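Data block below; observations after.
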Amino acid sequence: MTPLLEVRDLKKYFKSRAGLLHAVDGVSFTLEKGKTLGVVGESGCGKTTLGRTVLHLIEPTDGQIFFEGKDITRPKKRELRKLREQMQIIFQDPFSSLDPRMTVSEAIMEPLILKGGMSRAAMHAEVRQLMDTVGLATRLENSYPHELDGGRRQRIGIARALALKPKFIVCDEPVSALDVSIQAQVINLMLDLQEERGLAYMFVTHDLSVVKYISNDIMVMYLGQVVEKAPADELFANLRHPYSKALLSAIPIPSIHNRKERILLTGEITSPINPKPGCRFMTRCRYAREECNKPQKLEECAPGHFVSCCCYKEINDLEEVNKA
Amino acid sequence: MLRYIIKRLLLLIPVLLGISLVVLILIDFTPGDPARMMLGAQASQEQVDALREELGLNDPLPVRYGRFLWGVVNGDFGTSLMTKRPVIDEMLERFPYTLTLVTIGTIFSVFLGIPIGIYAATRRHTWKDNAAIFFALIAVSMPSFWFALLLIRFFAVQLDWLPYAGVETWRGWVLPCGAMALGISALIARQVRSDMLEVLRQDYITTARAKGLSEQKVTYRHALKNAMIPVIMVIGGVFGSSLGGSLITEMIFSIPGLGQYIMTALNNRDYPVIQSGILIISTMFAIIILIVDVIFALVDPRIRSQYTKAKRKEGKQHGKQTEEAVEAA
Amino acid sequence: MADTLLDIRNLAVQYQTDDATIYAVNNINLAIRQGETIGIVGETGAGKTTIAKSIMRILPNPQGKIVSGEIRFKDQNLLDLPEKEMQKVRGNQIAMIFQDPMTALNPIETVGYQIAEAIRRHNKITQAEADRRACDMLETVGIPMDRFGEYPHQFSGGMKQRVVIAMALACNPELLLADEPTTALDVTIQAQVLDMMRSLKEKFKTSVMLITHDLGVVAEFCETVAVTYSGEIVERGTVEHIFDNPQHPYTLGLFGSLPKLDTKDRRLKPIKGMMPDPTNLPIGCRFRDRCPDAIEACAAAPPDVETEPGHIVKCVRAKEKGGAAV
Amino acid sequence: MENRRKKQSRLRDIWRQLKKSKLSVVALIVLCLIILVAILAPVLAPYHYAQQNAKLKNAPPSAQHLLGNDRLGRDILSRLIWGSRQSLQMGVLAVAIAAVVGILIGSVAGYYGGWVDNLSMRLLDIYQAIPMFLLSVSLAAIMGPSLKNAIIALGVGTVPGYARIMRASVLTVREKEYVEASRAINASNARIIFKHIVPNAIGPLIVQITMGVGSCILAGSALSYIGLGAQPPIPEWGAMIADARGVMRQYPTHALYPGICVMISVLACNLLGDGLRDALDPRLKN
């Protein structure tokens, strides 16, 4: 069966004053219908750019993108129009993702207007339907975004993305700007929608605990590259890459028992401008060695579990020994 | 820093080329024949044609442009059609007057405007602030030539303290400079106030307060210094544009400055004067803006460091993994 | 209590806007002991930052106003101090760290100057001595001291927050108010900064009031916790009380909303609805509308109930479980 | 129907903010009055502006001529009333020219970026290298003295300011996620610019436009003062001041009244601009 979305060796470089910024550097993945791919990483790892590039909001520098088996890397204008009805995006900031001068119903209706072929009454009905689906009271349809709280705005964003009945949605940190109690409401909504409509999500976030909830597969990114990729359960059970381990251990756990050992990384993210060919995590990795200067490859370490580290086996053994 | 200045000076060249071309084209469209203007209405068409030929007015635009540029490069800014003297000589004679007027006016405004602005900003929403800012607004809204006339009427005619025209003595400068300063000082006061209020809203002001600094120190060391950055820009801009805008003041007080010179030239279609005059004033304007930008860069480390990157990079190699994060991304 | 460092009694703070009054903090009581690390947890708009700013007396002027209450710092009511005296307390005995390191530093002064400035303000020493101590502080927070003369824009976010921390600790304050000190940082950087703060806290024996929305940070960093909701403290106690035996429905709801790394569940249990509008607070229990266990009695102002020693819950139903009103 | 409701609510929002400042409300009323006076000048003015009365040269105020007569015996009040037309035209039309051109340049440059942006900014550099008033005076003088030419000269001279503000504003709005969102739902560039970017970016410009009307009235009166604006006998406040220069010594009020008129109109524009800035600035709301 062809996957819904396949991305091969995708690259996006930006020109900057200091040199070429490798925002996304050779990322590949596949996504099945109705599944969720979690993309995790810290700021500057290229996760947001990846989402935008897949949707052609930014043009890729190199690589290939297939949607339902069709190459859509360089789509023609008309193809792109069709494509965007299938692929949508939900943004991080519920404050800046809505035009402050449009009412709730106008914002949700805009994609319908642009698609055309619907009467005004039909569009209105559709908007009501959508508002109902995402849990917005119909009485809010003439409100402006600034009159609403973050959670409701995010629901508007979701309704707008759903309006064209897409098969695939890029969710760019959709809940990070929300308070926990609201965050949970939105996550549940997204899970319900996925179930009802068979949506595929690419869920971009910096929060590993959120991503575990919602994802089937998880991809950890560091400076534009995928360092580890695996099914969610497998990933959390057997973390391989030293960066993923550090990332997981850095998350404060809301529990006072089962304290885990924390791996503290020294230093901060280095610059993705004109990176050296070797492992990009090397400068912060406590296991760094000579071989790490060579380019790294994603390697299958267990079925479906890929890691991009030349010495993951040795590290694993070393840690086993340490534990014992 | 030197490289920055040189770069800016080089960037100035196309701008000045553009200005001279624009002015030339404008003059080209001007109704009225300069040759006819020079010779008067009685002159015959033949005489006018001969003069046109002699002045090179019949040549196509690119030729005239080239000739003008060639002259400028060689220090020849043309000769006034009216006085038959080199434009550059006449401008140099008049420049000191304009410069004095604008400089004194601006300095006066700075010393008046900045304290008023600070005063108002630090007493925000009190009647003192409202009063200060309302008077500043009135001053900004007043036609300066009208204010100059009122000054003359009162100080020169009514009280007879100061001369109403001419700048032969220092007393002659008082009224024109005062007339100039009114609007400018009010403008500066308004700018200082709004920038101060903007800065006082910033988080780092709260940080400074949380350190236990006195209100004095917070206002002057932290807020004012930051607020002055945009204010310097405004002062520079005002100073520069006054060079061209002082012409009404010059006319009212009979000051033989640049503005008057250009005004006369405009009325007489004395095109070499117009062309070179605008070019020279614009050059000075641009140089003042450049000076302001340099001051700006010296005061603001964020800009300064853009031009001293080379040094930083060396230092970076040593600092262990303290590289800047990917803020650029 | 003899070792009480800070005692907040009946504090109420309001913000006046053109259209309405925002009831940001409503009669809270809170004590911090010497050396204690207390976490103030709550969501946006719960009044956490306002509490800290009230202690420092740096509420936005003229909108923010302390309408009632006392803030006793070592038996001295800070709210009675004249501004001049208060300046001697700020940065010296009580210091504060702010949420956004990107904007908390003056962009046109060197970081060294900004640290030394705090030191000189509160100590009678020479500039050279102050500079030397500022260098020491930089090293203490893990920044090489040759960066003394650099400007904030040359530092990354994590580094800037270290500078802010150095500045706050420069005069060895007895109480540190940390307002979401790691929220703006990446997780790995957050871990570094928290780790550093923990060791500094022990080194300087500072009491810390950590304001955060992240229960995970509280669990790792604090000894006692106060949960805020709509400008009130709805539950307080030790971390064990709050994490092992949460009593208030809101606290329970918060835990239910959190995605956990160690469960198989694919659904979260969110709290329904939203926090009430702070300009128009409901009478009685403020959580009533969202509460799954609300009863008739919740329409009256809920009492503070001590369910176990030191564990206080603002809920009328906590009594049913055997708590005693305080 | 629905659109109207929306516009109203937006306007009402601004109005609600604006009316908190009493000065702004007064300014708005004053401006409306001035506009009304200009429109109704033929009805309101007791005399025609050019009507001379040789017996009443420089006559003091009287019941028939409330503000007296000028050096040609014309009724000053009537000339002030008629003059409001010229002054207002200068302000409004010049700003209209400048704002339309400026918004166009600014939004295209800001939205497309790249070489389009570079080119237009370099052209504006050239433009702005000539001090604005000098540019307007030169243009007006070269084109020949008339009200129309003065308006064009003022308008052309002030374009760069609007273009730059618009560009900066567009650059901010362009980065907003809702612009990206509408690209993701297939909105065309034109729709994005005119439906999303321009309406949201125009806020700072409204302030600039309001104040611009004031500064154009001011600069226009200066142009008229040096004889480059409205030509006699058509009254214009600046020209009236120039006209009264000769009798300044004996009859200072002749120059006083038109100056006050200019000042009040400009002041009203500036006050309203200040008020609008506060009303539009979301930071001040809380």
Exercise. Using a ≥ b ≥ c from the Cα gyration tensor of chain A (square roots of the eigenvalues), is it rounded, prolate or oblate, where a/c under 1.5 gives rounded and otherwise the larger of a/b and b/c decides, a/b for prolate?
Worked result: prolate
Exercise. Other chains' Cβ within 10 Å of C:252-261 residues: what's the mean?
Worked result: 6
Seminar exercise, completed: The answer for the net charge of residues other than B:Leu298 whose Cβ lies under 15 angstrom from its Cβ, with Lys and Arg +1 and Asp and Glu -1, is +2
Exercise. By how many degrees, 0 to 90 and rounded to 10, does the Cα axis of helix A:150-162 deviate from the longest principal axis of chain A?
Worked result: 80
Seminar exercise, completed: If one compares the long axis through the Cα atoms of helix A:180-197 with the longest principal axis of the Cα atoms of chain A, the angle in degrees, nearest 10, works out at 70
For this session: Run the numbers on segment C:88-167 and let me know its relative contact order in percent, using alpha-carbon pairs under 8 Å that are six or more apart.
Result: 40
Problem set entry | Share, in percent, of DSSP beta bridges within segment A:5-323 that are antiparallel, nearest 5 | 60
Exercise. What is the Cα centroid distance between segment C:63-137 and segment B:122-156, reported in whole angstrom?
Worked result: 40
Exercise. Once you list every other residue whose beta carbon is under 11 Å from the beta carbon of A:Leu239, what net charge do they have if Lys and Arg are +1 and Asp and Glu are -1?
Worked result: -1
Exercise. What are the lysines whose alpha-carbon lies under 17 Å from the alpha-carbon of B:Lys7, with same-chain residues fewer than 8 places away excluded?
Worked result: B:Lys309
Exercise. Tell me which lysines have Cα within less than 24 Å of D:Lys57's Cα, excluding those fewer than 8 residues away on the same chain?
Worked result: none
Exercise. Looking at segment A:227-277, which GluC sites (Glu not before Pro) are in a loop (DSSP not H, G, I, E or B) and have at most 16 other Cβ atoms within 10 Å?
Worked result: A:Glu261
Problem set entry | For segment B:86-119 versus segment C:215-286, the gap between their alpha-carbon centres in whole angstrom | 65
For this session: Quick one: plug the Kirkwood hydrodynamic radius of segment B:87-270 (C-alpha pairs) into Stokes-Einstein at 10 °C, 1.306 mPa s, and report D in µm²/s.
Result: 88
Problem set entry | Karplus (6.51, -1.76, 1.60) ³J(HN,Hα), θ = phi - 60°, over segment A:27-38, in Hz, Gly and Pro reported as x | 9, 10, 6, 10, 9, 8, 4, x, 10, 10, 10, x
For this session: Report, to the nearest 10°, how far helix B:2-29 tilts away from the longest principal axis of the Cα atoms in chain B, using its own Cα long axis and a range of 0 to 90°.
Result: 40
For this session: Sort segment C:1-160 into rounded, prolate or oblate with this rule: let a ≥ b ≥ c be the square roots of the eigenvalues of the Cα gyration tensor; rounded if a/c is under 1.5, and if a/c is not under 1.5, prolate when a/b is larger than b/c, oblate otherwise.
Result: prolate
Exercise. Given the pairs C:Lys260/D:Lys195; B:Lys217/C:Lys53; A:Lys212/C:Lys201; A:Lys12/C:Lys269; A:Lys12/A:Lys323; A:Lys165/A:Lys229, which are separated by over 31 angstrom at their Cα positions?
Worked result: C:Lys260/D:Lys195; A:Lys212/C:Lys201; A:Lys12/C:Lys269; A:Lys12/A:Lys323
For this session: Provide the gained length on full extension for the span B:Arg67 to B:Lys128, in nm with one decimal, where the gain is 0.36 nm per separating residue minus the Cα-Cα distance.
Result: 16.0 nm
Exercise. Ordered by packing density, taken as the mean number of other Cβ atoms within 10 Å over each peptide's residues, highest first, how do A:138-149, B:270-281 rank?
Worked result: B:270-281, A:138-149
Exercise. Quick one: if you stick a label point 7 Å off each Cα along the C-beta vector at C:Asp18 and A:Met282, how many nm between them?
Worked result: 5.9
Exercise. Over what distance in Å are the Cα centres of segment D:39-64 and segment D:193-272 separated?
Worked result: 22
For this session: Express the Stokes-Einstein translational diffusion coefficient of the protein assembly as shown in µm² s⁻¹, to the nearest whole number, given a Kirkwood radius over alpha-carbon pairs, 4 °C and a viscosity of 1.567 mPa s.
Result: 37
Exercise. Going toward the positive end of the dipole of the protein assembly as shown, with +1 on Lys and Arg Cβ and -1 on Asp and Glu Cβ, which of D:Ser188, C:Ala20, B:Tyr271 do you reach last?
Worked result: B:Tyr271
Problem set entry | Relative contact order (%) - segment A:5-323, alpha-carbon pairs under 8 angstrom, separation at least six | 21
For this session: Report the residue, chosen from C:Arg162, C:Arg132, C:Arg236, that carries the largest GNM mean-square fluctuation when chain C is represented by alpha-carbon nodes joined by springs under 10 Å.
Result: C:Arg132
Seminar exercise, completed: Among beta bridges assigned by DSSP with both residues in the protein assembly as shown, the antiparallel ones amount in percent, to the nearest 5, to 65
Seminar exercise, completed: For D:Lys22, counting only lysines whose alpha-carbon sits under 21 Å away and dropping same-chain residues fewer than eight positions off, the answer is B:Lys128, D:Lys285
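FYI, it's all coordinate maths here, none of it is from the lab. What you see is a predicted model; the values in this text were computed from it and never measured. Note that we place each Cβ from the backbone using ideal geometry, even for glycine, and neighbour counts take in every protein chain shown.
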